[in-house]
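All of the numbers you see were taken from the coordinates with simple rules; none came from a lab. This structure is a prediction, so every number in the text was calculated from the model and none was measured. We place every Cβ from the backbone using ideal geometry, glycine too, and count neighbours over all the protein chains shown.
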Ligand code: UDP
């Protein structure tokens, strides 16, 4: 009897770094709000930020907490990427799981080594890949059905086979591990294995966004679509303090936005990991200025290799002009992205198409200028521009990884053209705005009681309860 009534205990093991740690923390919060006892496994360096995101939930009595492992990894800054080796956490994780046997552990796919440990302990393992259904299908179908090495050139378009929509890509837009599987240490096998031997996966998306792709995903293995999880941040404080402490004060940011007309501001950000070279930043600056539109631009990390120590990417007098005219707000560091995207003044988002940013743009009802750089971002671009038709492509053609050489600078003219096209009062732009607002409404309904994401979260909890009565999963 006790096994039926005791609340489900879920462990969450996020990968350190913005685009993975942030949504996994939100996922844990979502499940706590559905009554699951949620524990987020952290390291000494990731714990403070995660704690910051859950303190309000704890104060309101939600069953959520952190367990900090007595071990760390070298790079737990928001810049931690998929190649960071987190195996130092293996033994402390094993010890923790031996002491507490949760009903399941949700593991980020980038903890590639962790699947064996959990498997041997017989604890149901649920994978979090960080992507949506569309890009998962695109990548799987390319991996399984396209001989990319036989394409005549990096820029020869090919149609991704067996998809509900006609999606064209080029080899230059594919992650290096799809072009050359041996490029990841140990190959992609360990990451795929995490998925293959798992109980299923949790996906930060919602059914109505990509129904055909969600069906395909669910047909393969169990999958629960519980997003957009960013919508679990309801108050201004929750939206402001997500991820890192923002560089700009919440009030100052709102004051600037409040002074602008609805839909008149473009928000520009390339996420938490990307490092743009100075020559690319300069083209963005010129393009934004020439577009004559208002903007908030989060200048993230810069490739300093070619800098002489000064910030010499900035065009002469650019920041003074932008400040003086009130046209542009240039932020260095971390922006309160959700707060900005959900503000009425924001009418466009120039994004690198990281999945979280993409989903946050969609659920805020903001059309996008797509500028993919890495990971599965080129697939996300196709979802936005071809399937959903709520964005304009800037014309990025080259997948670039971490510190690799920047292959192609997108010129200022293309930046200006894309901004003008997206922020225009044209029929085309109005069509995009209408469609994306419709998506935003569906996103909100999905996470409310009676919605599909709400139902999927409940369903997983029920399945985990049922597992208590079987020795197999
Ligand atoms: N983010 C933010 N402020 C910033 C930069 C990023 O709040 O200045 C958040 C953003 O809202 C998103 C995450 O960091 O939730 C970035 O994830 P995404 O998948 O878009 O890109 P990644 O950083 O993994 O490349």
Long-range tail of P(r) for the chain (Cα pairs > 35 Å, %): 29 percent
Gyration tensor (Cα) of the range 87-189, equivalent ellipsoid semi-axes in angstrom: 36, 15, 9
Highest to lowest packing among 29-35, 90-96, scored as the average C-beta count within 10 Å: 29-35, 90-96
Cα long-axis angle, helix 412-422 against the chain (0 to 90 degrees, to the nearest 10): 70 degrees
The range 236-277 residues near the modelled residue 344 label - backbone nitrogen below 11 Å, point 7 Å along Cα→Cβ: 258-263
Residue-span extension gain [residue 320 to residue 279] - 0.36 nm each, minus C-alpha spacing: 12.8 nm
For the range 268-402: rounded, prolate or oblate by the Cα gyration tensor [a/c cutoff 1.5]: oblate
Centre separation in Å (Cα based) which lies between the range 145-181 and the range 1-66: 38 Å
Cα centroid separation - the range 88-129 against the range 454-471, whole Å: 18 Å
Share antiparallel - DSSP beta bridges, the chain, percent rounded to 5: 5 percent
Inter-site label distance for residue 386 and residue 467 at 7 Å from Cα along Cβ, in nm: 3.5 nm
Overall form of the range 21-77 per C-alpha gyration tensor (a/c, 1.5; a/b vs b/c): prolate
Bins of 5 Å from zero: percent of alpha-carbon pairs in the range 22-128: 2, 12, 22, 26, 22, 13, 4, 0
Inter-probe distance in nm under a simple model that places probes 7 Å from Cα toward Cβ, at residue 94 and residue 258: 5.6 nm
